[in-house]
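Enquirer: I have a structure here, written as structure tokens, and I will follow up with some questions on it.
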Amino acid sequence: MADVKYVFVTGGVASSLGKGIISASLAKLLQARGYSVTIQKLDPYINVDPGTLNPYEHGECYVTLDGAETDLDLGHYERFLNAPTSQANNVTTGRIYQTVINKERKGDYLGKTVQVIPHITDEIKRRIKLLGSGNKYDIVITEIGGTVGDIESLPYIESVRQLKWEMGSQNCLVIHLTLVPYLSASGELKTKPTQHSVKVLLENGIQPDVLVLRTERNLTADIKRKVALFCNVEEGAVVQSVDVSTIYEVPLKMLEEKLDLTVIGKLRLSAETEPQLTAWREFISRLKNPKHSVKVGLIGKYVELPDAYKSISESFIHSGAMNECQVNVEYIHSEDITEENVDEKLKGLKGILVAPGFGSRGIEGKIITVRYARENNIPFLGICLGMQCAVVEFARNVLHFEGAHSTEINHKTRYPVIDLMEEQKSVIDKGGTMRLGGYKCIISKDSLAYEAYGKTEIIERHRHRYEFNDRFYDDFKNNGMIPVGVNPESNLVEIVEIPSHKWFVGVQFHPEYSSTVINPHPLFVNFIRACID
Ligand code: GLN
């Protein structure tokens, strides 16, 4: 097999320009040409992983099949590529330092002073090359988090410089993403921030090979030429990325800009196969030409920051397109919902999703929401904490277990219908210690879940410590809330349903993590179908 090719994506001028989407779009185009591609995200913060970060800090924590708690960009990678990522696809400064310090304690560097260069940079390089080993991929795209010039990014930029030098320009290239702002007062697009940002890269020893310029307006050939000249980049390697209405259009825009061809040319790869994007284009066409529209409520407590529910909102887009339906998601704060105002707050919703979460804030609002959905026969999907709220609500209002709760919120309740998992009882550390990643679930045939999946054995991703307390199994089952999905090894309840309701499903796992453009998640697809009906 030929050498693995490495593409690095750095960012300048401002954060949030969409390096993740550009990386995923390039990967999509290369994949569509028959290459095997993976994407890695290097995050410069010192947390070992984002699992301990509040969603307000960093958006959603995305969970991979192998149980890694990762940056939400990995969600984009999977949604675009329809291929799983793993722990190796997300590395933080915390993890790098942890590895180096553990090695130092073991005596691996005995006698040496351990330093950022070469020890930290060597560990960064090892993590980058790890994905390229094992003959799995033709191309590894590595996105460097943060913005060039940040103190935290320096060791990463230095590692990229070294790898470029070691591997040569045919095997390794750098794409730098910047912003070309439009100044309405003077009616001009400005390239100076891009020039400065490239200068910062040059000061660190890296000449970028390709520039992707984010812009609100189309760039003229003159502007592109000017950027090419001043930034020392070939004219064809200056690519614009104009704002579009959906991120899923970005691959097609990058195709128009020939970003894939530029990269292929520089890496001396073959461009013989034309990109196969039929299914992708069909998805975009369905997305843009809906026949129906529904309003669905997402009830959570991090609603001020929609990134906190990124995978859920993207799952609505995939499943909406599948149903030729525009899903208008109304983000509703569970803290604002009371017995008195619930009618007012939730009226007009065709479906209700109660979101995952941790802790007591906003929990009563979620439970009131479930009751509203159950009593008014509104299609309901409860995810993780959302499912747990559905169990608590049923216990309180149907089984009349007064004060029933999850012991996460009230550890003294007489009816602990949701309780800490046995294996969690001795856990003290918070980081990486939940029940994480893919676990099996066996589904009974007469269920909405079976109708959706069309099979009895599934694997879904998890991120929780509490579970349905099977002490109460019969109470629920005999009174109309049926555990229809169970883990075959541990017997943990994974799915509950209310057959007398129009469409009521609670899942302990996170279906949103595995919904992709090409494979919208079946539970979301059927949930939206029920909302349309
Ligand atoms: N806090 C709940 C638990 O730990 C639910 C977690 C979640 O919604 N991801 O079990």
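The values are calculated or read from the model by the stated rules, or taken from the named source; none is laboratory data. Values in this document were obtained by computation on a predicted structure and should not be read as measured data. Counting neighbours? That spans all protein chains shown, and the Cβs are built from the backbone with ideal geometry, glycine included. Please note that ligands, DNA and RNA were not included when accessible areas were found on the heavy atoms of the full protein model with its side chains. Shrake-Rupley method; radii C 1.70, N 1.55, O 1.52, S 1.80 Å.
Enquirer: As a test of the formula, what do you get for the chain when each DSSP H run with n ≥ 4 contributes -39,500 (n - 2.57) and the sum is divided by the residue count, at 222 nm and rounded to the nearest 500 deg cm²/dmol? Don't skip to the end; give the middle numbers.
Expert: On the way: 18 runs with 183 residues, N = 533.
Using -39500 (n - 2.57) per qualifying helix, the result is -10000 deg cm²/dmol.
Enquirer: What angle do you read, to the nearest 10 degrees and between 0 and 90, between the alpha-carbon axis of helix 522-532 and the longest principal axis of the chain?
Expert: Taking the Cα atoms of the chain, the angle to 522-532 is about 70 degrees.
Enquirer: Output the pairs from 28/440; 366/425; 129/288 with a Cα-Cα distance over 31 Å in this structure; if there are none, say none. Working shown, then result.
Expert: Working: 28/440 29 Å; 366/425 26 Å; 129/288 39 Å.
Those over the limit are 129/288.
Enquirer: What does the charge count around residue 466 come to, taking other residues whose C-beta lies under 11 Å from its C-beta (Lys +1, Arg +1, Asp -1, Glu -1)?
Expert: Overall, the nearby charge balance is -1.
Enquirer: Rounded to the nearest 20 debye, what is the charge dipole size of segment 395-496 about its Cα centre when +1 sits on each Lys and Arg Cβ and -1 on each Asp and Glu Cβ?
Expert: With Lys and Arg at +1 and Asp and Glu at -1, about 240 debye.
Enquirer: If you don't mind, another one. Taking only C-alpha pairs under 8 Å that are 6+ residues apart, what is the relative contact order of the chain in percent?
Expert: About 15 percent, as a whole number.
Enquirer: About the Cα centre of segment 109-205, what is the dipole size in debye to 20, counting +1 per Lys and Arg Cβ and -1 per Asp and Glu Cβ, all else neutral?
Expert: 160
Enquirer: Stokes-Einstein diffusion coefficient for the chain at 37 °C in a medium of 0.692 mPa s, Rh from the Kirkwood formula over Cα pairs: what value in µm²/s?
Expert: Working: Rh = 24.8 Å.
D, rounded to a whole number, is 133 µm²/s.
Enquirer: How much of the accessible area of segment 373-458, probe 1.4 Å, is carbon plus sulfur, in whole percent?
Expert: That fraction is 45 percent.
Enquirer: With every protein chain present, what is the per residue accessible area of segment 249-349 (1.4 Å probe, Å²)?
Expert: Numbers: 4780 Å² over 101 residues.
Here the per-residue accessible area is 47 Å².
Enquirer: Compute, for residue 6, the solvent-accessible surface of its heavy atoms (probe 1.4 Å) with the complete set of protein chains present, and express it in square angstrom to the nearest 10.
Expert: Accessible area of residue 6: about 20 Å².
Enquirer: Compare 211, 202, 255, 229 by solvent-accessible area with a 1.4 Å probe and give them largest first, with all protein chains kept in place.
Expert: 229, 202, 255, 211
Enquirer: A further question follows. Taking 0.36 nm per residue of separation and subtracting the Cα-Cα distance, what length does fully extending residue 424 through residue 533 add?
Expert: 35.1 nm
Enquirer: Please figure out what share of the DSSP beta bridges in the chain is antiparallel and state it in percent, rounded to the nearest 5.
Expert: Here the share of antiparallel DSSP bridges comes out near 30 percent.
Enquirer: Right, here's the next one. Heavy atoms only, 1.4 Å probe, whole protein assembly: order 513, 56, 466 by accessible area, highest first. It would help to have the intermediate numbers written out before the result.
Expert: Working: 513 10, 56 90, 466 45 Å².
I get 56, 466, 513, largest accessible area first.
Enquirer: Right, here's the next one. Give a residue-ordered list of calculated ³J(HN,Hα) values for segment 202-218 (Karplus: 6.51 cos²θ - 1.76 cosθ + 1.60, θ = phi - 60°; whole Hz; x for Gly, Pro).
Expert: 3J(HN,Hα) across segment 202-218, in whole Hz: 4, 4, 8, x, 10, 8, x, 8, 9, 10, 10, 9, 6, 7, 7, 10, 4.
Enquirer: Which ³J(HN,Hα) values, rounded to whole Hz and listed in residue order, are derived for segment 435-447 from phi using the Karplus coefficients 6.51, -1.76 and 1.60 in 6.51 cos²θ - 1.76 cosθ + 1.60 with θ = phi - 60°, glycine and proline given as x?
Expert: For segment 435-447, the Karplus-derived couplings read 7, 10, x, x, 9, 6, 9, 9, 10, 7, 5, 8, 8 Hz, x marking Gly and Pro.
Enquirer: Where does the charge balance sit around residue 163 when Lys and Arg score +1, Asp and Glu -1, over other residues with C-beta under 14 Å from its C-beta?
Expert: That sum, taken over residues with Cβ under 14 Å, equals +1.
Enquirer: Let me ask something else about it. Any idea how far apart residue 54 and residue 478 come out in nm if each label point goes 7 Å out from Cα toward Cβ?
Expert: With each label point 7 Å from Cα toward Cβ, the separation is 4.5 nm.
Enquirer: On C-alpha positions alone, give me the angle between the axis of helix 154-167 and the longest principal axis of the chain, in degrees, nearest 10.
Expert: 60
Enquirer: Report the one residue of 210, 227, 200 whose Cα lies farthest in the direction of the positive end of the charge dipole of segment 189-234 (charges on C-beta: Lys and Arg +1, Asp and Glu -1; origin at the Cα centre).
Expert: The residue sitting farthest along the positive end of the dipole is 227.
Enquirer: Identify, among 176, 523, 290, the residue whose Cα sits farthest towards the positive end of the charge dipole of the chain, taking +1 on the Cβ of Lys and Arg and -1 on the Cβ of Asp and Glu, with the dipole about the Cα centre.
Expert: Of the listed residues, the answer is 176.
Enquirer: Excluding residue 44 itself, what net charge comes from residues whose Cβ is under 9 Å from its Cβ, given Lys and Arg +1 and Asp and Glu -1? Could you put the intermediate results ahead of the total?
Expert: On the way: positive: none; negative: 43, 150, 152.
So the environment of residue 44 carries a net charge of -3.
Enquirer: Oh, and also: At 1.4 Å probe size, with the rest of the protein present, what percent of the exposed accessible area of segment 133-214 is carbon and sulfur atoms? Intermediate results must be reported in sequence, preceding the final value.
Expert: Working: 1780 of 3430 Å².
Ligands and nucleic acids excluded, carbon and sulfur give 52 percent.
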